[in-house]
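Q: Okay, here's the structure, questions in a sec.
Readers should treat all values here as calculations from the given coordinates under stated rules, not as data from a laboratory. Not measured: the values here are computed from a predicted model. Cβ: placed from backbone, ideal geometry, glycine included. Neighbour counts: every protein chain shown.
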Amino acid sequence: MTNNLTDTIVAIITALSESAISVIRLSGIDAIEIANSLFSRDLTKVDSHTVTYGHIIDPIDDKVVDEVLVSVFHAPKTYTREDVVEISCHGGVLVTKKVLELCLGQGARMAENGEFTQRAFLNGRIDLSQADSVMDLIRSENDFARELAISGVKGNIHALIQPFLDRLLEIIATIEVNIDYPEYDDVEMLTQDTLLPRSRDLLKDLDKILKESRSGKIMKEGVKTVILGKPNVGKSSILNVLLDEDKAIVTDIAGTTRDLVEGWIQLENVALHLIDTAGLRETGDKIEQIGIEKSRKALEEADLVILVFDASKPMDEEDKDLLKKTEHKERIIVYNKIDLVEEKLDGVSVSAINGDVTELIDAIDDRFKEHKRALTQPTLSNERHIAAVRSSYLAMERAIEALEMGVELDLVTIDLNESYAELASVIMPKQDINILDEIFSRFCLGK
């Protein structure tokens with residue numbers, strides 16, 4: 001993104017469609033002056049964080065364009081830490097574009113994608129992890145993902161990572177002082193023997209973060225769940241009951257489902273991305289065969305398989321084949337049409353035709369309940385954050401191997417520095433990471 005931070009930027013920050021209101025946001029040193037030049041009242045004298053009623057006036061012909069509410073926010077207590085003005089106008093597409101056009105005509109520049117949040121980052125209001133979390137919040141597809149994103153926006157990822165950076169920096173700084181300033185006898189002398197326990201402890205704690213990130217990803221992205229079974233066991237009926245809508249066509253004709261049918265459901269402890277498949281049977285129907293190939297691919301990528309059998313019929317070779325094909329997947333075996341049998345079967349029993357899938361919902365919730373702890377403690381769920389911590393872990397692992405081999409400490413710091421840089425990149429761009437500055441800000445050498 002190439003732009004000039006001295007520009008005042010403007011954009012429509014609501015959907016450009018017919019609606020009750022639209023909002024145009026200005027941010028920058030001239031934001032208030034530009035808005036004031038178009039407004040029927042003097043905005044230069046209003047208090048910060050107040051809303052003023054009035055009209056937008058076209059300065060060329062002095063005609064009223066719209067009746068609006070204008071919110072004024074003085075720096076630095078704003079989203080971007082710059083002066084910000086938000087004009088709430090009527091939600092018509094034409095009038096919204098007209099107000100935007102007038103702002104541009106008075107000297108504002110059209111904001112680029114994400115530029116308001118970029119300015120919030122560059123002006124120090126948020127760090128990189130919080131900026132990532134803003135996008136995660138916008139893209140969240142379930143309440144759990146939204147909660148995780150809000151946690152990141154509030155700075156909880158920074159709070160998780162910073163103590164590790166402090167510990168790692170303390171090790172690096174002490175080594176550097178030992179090497180460059182051996183005459184300082186008030187600085188702890190580090191050797192391989194004293195350094196190894198600290199490094200191993202750090203590695204162990206980084207490993208814990210990575211393991212817990214699986215829970216974060218599950219809560220954020222949901223569990224990709226494939227409903228599998230032979231034709232007419234009730235796969236589509238179960239999907240419809242879970243989603244509480246007629247998403248899939250249900251008939252007594254085998255092979256009705258020709259393509260993947262998908263939907264989202266949020267349970268108490270987890271969200272599911274449900275996929276009803278065309279089954280895995282052999283068929284001469286070319287269209288159905290395409291659906292079956294998609295089913296095979298969906299099965300490969302699935303986090304969970306709901307394997308459905310007909311409780312009213314004995315298990316046959318096709319059923320046994322499905323059991324074999326899914327034996328290495330995380331799965332829940334479900335017996336549907338329990339209403340047609342007198343005895344209760346072992347395992348999860350449902351009656352999709354009667355809308356009774358309670359046992360299945362309970363089984364899924366119980367299976368994933370441990371992951372819900374990710375919502376009550378700082379946990380990584382963003383792919384970039386996880387990748388950075390993984391890279392930091394690998395660099396720390398190399399440093400430990402070097403220490404165990406008796407490599408000189410000044411060479412070990414190469415891997416320690418890389419571990420620090422990778423970890424720090426969660427909250428700041430790599431080009432802004434200066435380990436030496438951090439070291440000398442803590443050790444007042446040269447006094």
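Q: Let me spell out the model: positive unit charges on the Cβ of Lys and Arg, negative unit charges on the Cβ of Asp and Glu, origin at the Cα centre of the chain. What dipole size does that give, in debye rounded to 20? Present the calculation step by step, with values, prior to reporting the outcome.
A: Working: 51 positive and 82 negative charges, 128 e Å.
That gives the chain a dipole magnitude of about 620 debye.
Q: Here is a further query. Roughly what percent of Cα-Cα pairs across the chain reach past 28 Å?
A: Values: 66005 of 99681 pairs.
Tail of P(r) above 28 Å: 66 percent of Cα pairs.
Q: Mind checking which of GLY107, PRO231, LEU69 is farthest towards the positive end of the chain's charge dipole, using Cβ charges of +1 (Lys, Arg) and -1 (Asp, Glu) about the Cα centre?
A: Projecting each Cα onto the dipole axis, the largest value belongs to LEU69.
Q: Using the beta-carbon distance between ARG41 and GLU18 and R0 = 30 Å, what value does 1/(1 + (r/R0)^6) give for FRET efficiency, to the nearest 0.05? Could the numbers behind the result be given before it?
A: Working: r = 28 Å, r/R0 = 0.92.
Plugging the Cβ-Cβ distance into 1/(1 + (r/R0)^6) gives 0.60.
Q: Under 8 Å for C-alpha pairs, at least 6 residues apart: give me the relative contact order for the chain, rounded to a whole percent.
A: Values: 769 pairs, mean separation 60.4, N = 447.
Here the relative contact order equals 14 percent.
Q: To continue, here is another question. If you stretched the chain out fully between VAL51 and MET135, how much longer would it get, using 0.36 nm times the residue separation minus the C-alpha to C-alpha distance?
A: 27.5 nm
Q: Under a Cβ-only charge scheme (Lys and Arg +1, Asp and Glu -1), can you give me the dipole magnitude of the range 310-408 about the Cα centre, in debye to the nearest 20?
A: Details: 15 positive and 23 negative charges, 106 e Å.
Using only the charged Cβ atoms, the result is roughly 520 debye.
Q: Continuing with the same structure: Based on the mean of other beta carbon atoms within 10 Å per residue, what is the order of 95-107, 413-425, most packed first?
A: Details: 95-107: 18.2, 413-425: 21.6.
Top to bottom by mean Cβ count within 10 Å: 413-425, 95-107.
Q: Right, another one. Taking R0 as 60 Å, what FRET efficiency do you get between LYS63 and GLN162 from their Cβ-Cβ distance, rounded to the nearest 0.05?
A: On the way: r = 55 Å, r/R0 = 0.91.
Once the sixth-power term is evaluated, E becomes 0.65.
Q: Give the cross-link partners of LYS313 among the aspartates and glutamates, using a straight C-alpha distance below 17 Å as the criterion and excluding same-chain residues fewer than 8 apart.
A: ASP252, ASP321, ASP339, GLU342, GLU343, ASP346
Q: List the pairs from LYS63/LYS97; LYS224/LYS337; LYS297/LYS430 whose alpha-carbon separation is above 27 Å, in the order I gave them. Provide the component values of the computation, followed by the final result.
A: Numbers: LYS63/LYS97 16 Å; LYS224/LYS337 24 Å; LYS297/LYS430 37 Å.
Exceeds cut-off: LYS297/LYS430.
Q: Check cross-link reach from LYS98 to the aspartates and glutamates: straight Cα distance under 17 Å, and skip same-chain residues fewer than eight apart.
A: Cross-link targets: GLU18, ASP58, ASP61, ASP62, ASP66, GLU67, GLU86.
Q: Quickly rank 29-40, 109-120 as a protection proxy: mean count of other C-beta atoms within 10 Å, highest first.
A: In decreasing order of mean packing, 29-40, 109-120 become 29-40, 109-120.
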